[in-house]
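Below is one structure, written out as structure tokens, with a few remarks after it.
The values are calculated or read from the model by the stated rules, or taken from the named source; none is laboratory data. Because the structure is a prediction, the values reported are computed rather than measured. Here the Cβ positions follow ideal geometry from the backbone for every residue, glycine too, while neighbour counts run over all protein chains shown.
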Amino acid sequence: MHFYFQYMSQWPDFQKVMLSPNGTIMGYMIGKAEGTGENWHGHVSAVTVAPEYRRLGLARKLMDFIEELSEKTFNCYFVDLFVRVTNTVAIEMYKHFGYVVYRTVMEYYSGNEDAYDMRKALGRDVQRKSMIPLSNPVHISDLKIPL
């Protein structure tokens, strides 16, 4: 929990909650901007839509929100996210939104489950370098993951 509270205090612009007319939480997004140089990017830390509100376009709206914020306010090169390699439904959804599998991160999740680092280039990345997939997987211990 502390992890997400720190996100919310450091990156309030990257947090979004979608409410139904009666005040029920339909979905939310937690994100941040990070990196340096051409690796400056928006990062999706969590995106969730409640089961009863899925397939209504809410995930698309949340992703559009972070992409627009990353591009227009923070001048980022790309947006990235990590997703379990077994979560084929989410992977296909992100591909439909224009994301590509950039690399595999071994043992990213507890239980030693691997993740895909998926990316979508923004306007600043004119040559789309951020979306050129890496051929070899990396280990979680090789990543510098800032909060």
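What about Leu56, is it within 22 Å of Tyr28 (Cα to Cα), free of Cβ contacts under 8 Å to residues at least 60 places away in the same chain and over 14 Å from the mean Cα position of the chain (by Cα)?
Working: within 22 Å of Tyr28 (Cα to Cα): yes; free of Cβ contacts under 8 Å to residues at least 60 places away in the same chain: yes; over 14 Å from the mean Cα position of the chain (by Cα): yes.
Spelling it out, Leu56 is indeed within 22 Å of Tyr28 (Cα to Cα), free of Cβ contacts under 8 Å to residues at least 60 places away in the same chain and over 14 Å from the mean Cα position of the chain (by Cα).
May I ask you to list the residues in region 109-129 that are surrounded by 14 or more Cβ atoms within 10 Å (Cβ to Cβ), closer than 21 Å to Ala46 by Cβ and small (Gly, Ala, Ser)?
Residue satisfying the conditions is Ala115 alone.
In contact with a strand residue (DSSP E or B) (Cβ under 6 Å, 6 or more places away or on another chain) and closer than 24 Å to Gln6 by Cβ: which single residue out of Asp125, Asp114, Asp80 fits that description?
Values: Asp125 fails: closer than 24 Å to Gln6 by Cβ; Asp114 fails: closer than 24 Å to Gln6 by Cβ.
None of the others qualify; the one that does is Asp80.
I'm checking my understanding of the structure. Among residues of region 3-35 that are hydroxyl-bearing (Ser, Thr, Tyr) and modelled with pLDDT under 95, which one is surrounded by the fewest Cβ atoms within 10 Å (Cβ to Cβ)?
Initially, region 3-35 is screened for residues hydroxyl-bearing (Ser, Thr, Tyr), giving 4, 7, 9, 20, 24, 28.
When the remaining residues are screened for being modelled with pLDDT under 95, the result is 4, 7, 9.
Working: Tyr4: 12, Tyr7: 19, Ser9: 9.
Restricting to residues being hydroxyl-bearing (Ser, Thr, Tyr) and modelled with pLDDT under 95, the top hit is Ser9.
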